[in-house]
C-alpha cells in the first residue's frame, strides 16, 4: 500500500509465526502485483496473477499459509513460477523438505 513502484526482481515478504489463514486485498495499492501464498516449507500454494490496483477482491489460499510474497505484476508468469515450486529464504531453511519442492534456477 502506498507504493508507486517496485524495483524489478524485488518484492515484499510477509512472514507469520505459525501457519494461518491469510487474506490480502489491493485497496490503496496503485500498482499491479502478483500475490503468492507460501507454506511453511516455502512451497507455493496459490498465485494471484496481476492483482488489480485498488481492488477489494479478497485473495486467500486456505488455512496453512506461513508467508505471502508480493512481486511486480506478471513477474510470476515471466519467470514461470508454478504451484508446487518453492521459494528459498532463511525463514524456510529449517522447514524445507527438498522432496516436496520444485526449485527453479
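No value in this document is a laboratory result; all are computed from the given coordinates. Bear in mind that the values here come from a model prediction, so they are computed numbers and not experimental data. Cβ sites come from the backbone with ideal geometry, for glycine too, and all protein chains shown count toward neighbours.
In terms of the Cα gyration tensor, with a ≥ b ≥ c the square roots of its eigenvalues, is the stretch 11-86 rounded because a/c is under 1.5, prolate because a/b exceeds b/c, or oblate? Oblate. Summarising the strand pairing of the chain, around 95 percent of its internal DSSP beta bridges are antiparallel. Note on residue 78/residue 4: beta-carbon distance plugged into 1/(1 + (r/R0)^6) with R0 of 25 Å gives a FRET efficiency of 0.75. Calculated mean residue ellipticity at 222 nm for the chain: -500 deg cm²/dmol, from DSSP H runs with n ≥ 4 weighted as -39500 (n - 2.57), summed, divided by the residue count and rounded to 500.
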